[in-house]
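Structure first, commentary second.
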Amino acid sequence: MSFFIAILSGLLGGLGGIGYKISGSGKVNALQSASVLAFFGVIFFGIRAALLGEWQLLTWQMVVLTIVTGVAQYLGQIMLKVTLDMGPLSLVWCAAALQFMPAIIFSYFAYDEPFTVFYFLALVALFAAIVSASFGQEKPEGDKLRSPAWLFGLALLAMLTLFSSCAIGMKFGWYYHVPGSEESLMQNNGNVFFCLLYAAIFIFCTADVIVRKTWHFSTKGWIGNFMLAFGTILQFTLQKAVLHLPASLLFALSCSASILLTCIVSTTFFHEKRTRSWYLTLAFALAAILFMAVPLPQKEAAPSDSKPLIENEM
């Protein structure tokens, strides 16, 4: 059942990516879409946290964690807008969906989670996917690209790294124990984490579109925004339910489903071309996921046996 939930979360994440595409076709940029998503996220997870009594367990550590993660997610939304303006959704989402991989590296250095030769091969495949995707821009003006391939590749890598902050924050919250509690931050305040994270994203993204005066309302924009909000919120809800799975397995199952759904819809309904770069990017991205999903040589360290990044002191 946990495997099915992880895969379903990926399909919902892919639905969110499709929502971005539809919103963009309605002249609504990624920051505005993220603002709408964050608004619904605050309400959804805020109510869940209240019903479960999680607000009573709120700590300053959780506030700091969500603010830092929120800033990174806001910057990631800026890079998402940049990359969607530079290349097709299918290639951009192949990179965005691999955002779990920096969390694996983080878990290895911070909590001594296993790091195998397959993880190394996965990183090689990841960079190969980025390089291949960088050459997959559409050419609207003859053979002239909108921007250099290397610039598109750097933008994809920056977006992936910034978006990984959410997975890293989730892993940190899973391991970090508040003094006097037998459970970790994420176990005690999982819904509070997402509520405050979305609150930070809402504040930053809304301020951005107001200052830049980039608000735009359209039917396609609202349809895409609701798809984004529905898919992403449920994706995180399901991922929280199976957070006990090893990081590699959880994010591998989820992200592979997200990539496949987005690529199929992008080429079928949005008429994106299946070029050599498209096939290579998809192949490398799936290879990275398969390498990450290879069974670990040992069990993942339990939260109680791990060493926190910072001292557990108020």
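The values are calculated or read from the model by the stated rules, or taken from the named source; none is laboratory data. Note that the coordinates shown come from a computational prediction; the quantities given were computed from them, not determined experimentally. Cβ placement follows ideal geometry from the backbone for every residue including glycine, while neighbour counts extend to all protein chains displayed.
Residues that are in contact with a strand residue (DSSP E or B) (Cβ under 8 Å, 6 or more places away or on another chain) and under 23 Å from Gly76 (Cα atoms) within segment 157-201 comprise Gly173, Trp174, listed in sequence order. For segment 129-155, taking the residues that are among the hydrophobic types (A, V, I, L, M, F, W, C) and farther than 26 Å from Gln73 by Cβ, the one that is modelled with the lowest pLDDT is identified as Leu145. So which of Lys240, Lys220 ends up being in contact with a Gly (Cβ under 7 Å, 6 or more places away or on another chain) and under 26 Å from Glu183 (Cβ atoms)? After ruling out the rest, the residue left standing is Lys240. When residues in segment 12-45 are screened for being crowded, with 19+ Cβ neighbours inside 10 Å and under 23 Å from Phe270 (Cβ atoms), 22 of them pass. Scanning segment 177-212 for residues that are under 11 Å from Ile67 (Cα atoms) and surrounded by fewer than 19 Cβ atoms within 10 Å (Cβ to Cβ) yields a single hit, Ile203. Just one of the numbered conditions (1) within 13 Å of the chain's Cα centre (by Cα); (2) of a type in the set (S, T, N, Q); (3) farther than 19 Å from Ala97 by Cβ is not true of Asn189: (1). Please work out if Ala158 is crowded, with 22+ Cβ neighbours inside 10 Å and either modelled with pLDDT under 80 or not polar (S, T, N, Q) (or both). Spelling it out, it is not the case that Ala158 is crowded, with 22+ Cβ neighbours inside 10 Å and either modelled with pLDDT under 80 or not polar (S, T, N, Q) (or both). Can you spot a residue in segment 98-120 that is among the β-branched types (Val, Ile, Thr), free of Cβ contacts under 8 Å to residues at least 24 places away in the same chain and surrounded by fewer than 17 Cβ atoms within 10 Å (Cβ to Cβ)? Checked against the condition, which is being among the β-branched types (Val, Ile, Thr), free of Cβ contacts under 8 Å to residues at least 24 places away in the same chain and surrounded by fewer than 17 Cβ atoms within 10 Å (Cβ to Cβ), segment 98-120 yields at least one hit. Taking the criterion of being at pLDDT below 90 and of a type in the set (Val, Ile, Thr), the only residue of segment 19-45 that qualifies is Val28. Pairing residues of segment 183-194 that are within 15 Å of Leu51 (Cα to Cα) and modelled with pLDDT of 75 or more with residues that are not in a helix (DSSP H, G or I) and not basic (Lys, Arg), at Cβ distances under 6 Å and at least 6 apart in sequence or on separate chains, gives Val192/Leu58. Scanning for something closer than 23 Å to Tyr175 by Cα and modelled with pLDDT under 85, does segment 85-99 turn up at least one residue? Yes, segment 85-99 has at least one match. Counting residues in segment 46-68 that are within 22 Å of Phe193 (Cα to Cα), within 18 Å of the chain's Cα centre (by Cα), surrounded by fewer than 23 Cβ atoms within 10 Å (Cβ to Cβ) and of a type in the set (Phe, Trp, Tyr) gives zero. Residues that are of a type in the set (Gly, Ala, Ser) and outside any helix (DSSP H, G or I) within segment 275-290 are absent altogether.
Considering Ala241, Ala257, the condition of being aliphatic (A, V, I, L, M) and either farther than 26 Å from Met170 by Cα or at pLDDT 85 or above (or both) is satisfied by Ala257 alone. Filter segment 1-18 down to residues that are at pLDDT 90 or above and out of contact with any helix residue (DSSP H, G or I) (no Cβ under 8 Å at 6 or more places or on another chain), then give me how many there are. Residues meeting the conditions: 0. Filtering segment 21-72 to residues that are in contact with a helix residue (DSSP H, G or I) (Cβ under 8 Å, 6 or more places away or on another chain), of a type in the set (S, T, N, Q) and either under 19 Å from Tyr176 (Cβ atoms) or in a loop (DSSP other than H, G, I, E, B) (or both) leaves Asn29, Thr59, Gln61, Thr66, Thr69.
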